[in-house]
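The values are calculated or read from the model by the stated rules, or taken from the named source; none is laboratory data. None of these values were measured; they are calculated from a predicted model. Note that we place each Cβ from the backbone using ideal geometry, even for glycine, and neighbour counts take in every protein chain shown. When the accessible area is computed, the model is the full protein with side chains, heavy atoms only, and any ligands, DNA or RNA have been set aside. Shrake-Rupley method; radii C 1.70, N 1.55, O 1.52, S 1.80 Å.
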Amino acid sequence: MGQHKTIHLIRHGVALHNVPDARTGERPDLCNPRYTDPPLIRQGELQARVLGEQLRRMGLLLPVEHDWSVGATGGKSAGGDCDDGENGEDGAVTNDDGGDSMDIDVGQRDDTDGCDDNRNNHRGHSSDQEPIELVVCSPLTRCLQTASYIFPSYLEESGQGDGGAPAHSSSSSEPSLVTTSSTTARTVKDGRNDGNDSHHKLDRNCRVCCHGDVREAYGMHYPDKRSPLSQLKCKFPTVTYHPLLAEDDVDWRPDSRETRRDVSRRIRNFFVWLMRQPHESVAVVTHGVWMECALLEYCPEALEYGRRRVYNCDVYRGKLSLLEKGVSSGSGNNAGDFGGGDVILRDVEKVVFHHI
């Protein structure tokens, strides 16, 4: 395994809780259980399909002949999470200023983002980029759906389309949690990631993995409460699910919410885990607050130090590196010390732009 990986951070498409109520025009009430684990709407599905085609033209998708059937179908029933909130400096992630729950880009945005070299990438092949080998998804339905539309050949089983119903569902009353695409299934009792799973490795042929550390900030808001694991497995039966995902969402609480520091801790734990995996080029399908926390923590200039937001189906690409302990990263803003070395995210740029 090399000392760095190429990572593509992708925000999911527009979901039900991202838009005003079609009848009343009011903002969604994120404390209403009807918004639990909401699905993509049609606009979000279209965004993801267009993004998949752009990535294919850039040469970032594996050729079809190299398709491994480790992935998910396009599960269209409700499931979810919630990109909802501004990041409080020390307090809980809030929704005071609209937040990601309603942060939809419906107009023409500035496409430069300081990345002039990438303005033509969406129109042709990017020969200097390795194809994405692994897709890591949040366990919220809108991210799994987004991945199924962007990476259909990674996610579909033989004879299935990217948006079709699953070929099979689990008949077990207690679903098994797999550690890799090739290992024997096993169950775990605790769904919380305590940061001690950095040595859990995926099989080299694994193409899609669901990992709890890339979910949105959770607590109080129902869109960030995930569906039971057995339901996710029924809708997306070919995904490799991380062994620390329990049947029920044991982390979500109706009376408390993660802080920005909590989210940043999960991000760092995830980056350490990712550096242990055998894949060199990775896509992470996640959420707006998660992405903004990651970028502001490691490379704040990518978001103009908080003046720029992350919109649905935005993509940011960078280099994730693991430095040996004692080696200086040269920056006080983009390193996290994990005992065995520093993880840094550098050379971040926005590479794909949408006007849907």
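Mind checking which residues of the range 25-64 are surrounded by fewer than 21 Cβ atoms within 10 Å (Cβ to Cβ), of a type in the set (S, T, N, Q) and not in a helix (DSSP H, G or I)?
Of everything in the range 25-64, just one residue is surrounded by fewer than 21 Cβ atoms within 10 Å (Cβ to Cβ), of a type in the set (S, T, N, Q) and not in a helix (DSSP H, G or I), namely N32.
Is the range 209-223 home to any residue that is surrounded by fewer than 21 Cβ atoms within 10 Å (Cβ to Cβ) and at pLDDT 95 or above?
Yes - at least one qualifying residue is present in the range 209-223.
Tell me, which residue of the range 135-165 that is at pLDDT below 95 and under 13 Å from L46 (Cα atoms) is surrounded by the most Cβ atoms within 10 Å (Cβ to Cβ)?
D162
Just to be sure I understand, how many residues within the range 300-342 are in a strand (DSSP E or B), at pLDDT 90 or above and open to solvent by less than 20 Å² (accessible area, probe 1.4 Å)?
Count: 6.
Step by step: first the residues of the range 10-24, then only those that are crowded, with 24+ Cβ neighbours inside 10 Å and of a type outside the set (S, T, N, Q), then the one that is farthest from S321 (Cα to Cα). Which residue is that?
Only one residue fits best here, namely H17.
Residues checked against (1) open to solvent by less than 40 Å² (accessible area, probe 1.4 Å); (2) at pLDDT 95 or above; (3) out of contact with any Leu (no Cβ under 6 Å at 6 or more places or on another chain); (4) farther than 21 Å from D342 by Cα:
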position	(1), (2), (3), (4)
L229	yes, yes, no, yes
L232	yes, yes, yes, yes
T238	yes, no, yes, yes
Y241	yes, yes, no, yes
V263	yes, yes, yes, no
R266	yes, yes, yes, no
